[in-house]
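Presented below is the structure to which this report refers.
Bear in mind these aren't lab numbers, they're just calculated from the coordinates by the rules spelled out. Please read these numbers as outputs of a predicted model, since none were measured by experiment. Cβ: placed from backbone, ideal geometry, glycine included. Neighbour counts: every protein chain shown.
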Amino acid sequence: MTEPPPNEGRLAAAATVVKGLSWANLLTIAALVAIAIPAYLVYRALNDPALLDRMLSSYSEESSQQTGCTLRTAKQRGGPETWAVSTGWAFHGGDRYYIAVAMNRAPDESELAAYCATLKLLAEKLGQPPI
């Protein structure tokens, strides 16, 4: 029996294939790699629930110097926007207590002032929280 011819090493076979490529082939492969890497990164980002939730959620605060209250706007991924008017109630060490009114529509200036005045009255009546 005769022995089969020795196989070339993988590195030598790869070198032979690369030598056989033309410049057009190399440019085509480089273009495919340049397109595939960003496409893969976008695919990974769109399938990551934590990142997708962060990209599609929003939160903002707008403090009013005239009323002393804060208007907060929040929107969770896939949900409606929520507005809240809040004011500070009490502080204990590093803890802060707030009292707020949450609503499903944006308040106008007169509503904002009325909600803020009511919240301040409630905070006064409630007094200090039990610690």
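Observations
- Flag for residue 94 being within 30 Å of residue 130 (Cβ to Cβ) and small (Gly, Ala, Ser): yes
- Members of the stretch 102-116 found to be closer than 18 Å to residue 65 by Cα and in contact (Cβ under 8 Å) with a residue 12 or more places away in the chain, listed by number: 107, 112, 113, 115, 116
- Residues within the stretch 100-121 that are surrounded by 14 or more Cβ atoms within 10 Å (Cβ to Cβ) and of a type in the set (Lys, Arg), tallied: 1
- Listed conditions (1) without any contact (Cβ under 8 Å) to a residue 12 or more places away in the chain; (2) part of a loop (DSSP other than H, G, I, E, B); (3) basic (Lys, Arg) are all met by residue 125, apart from (2).
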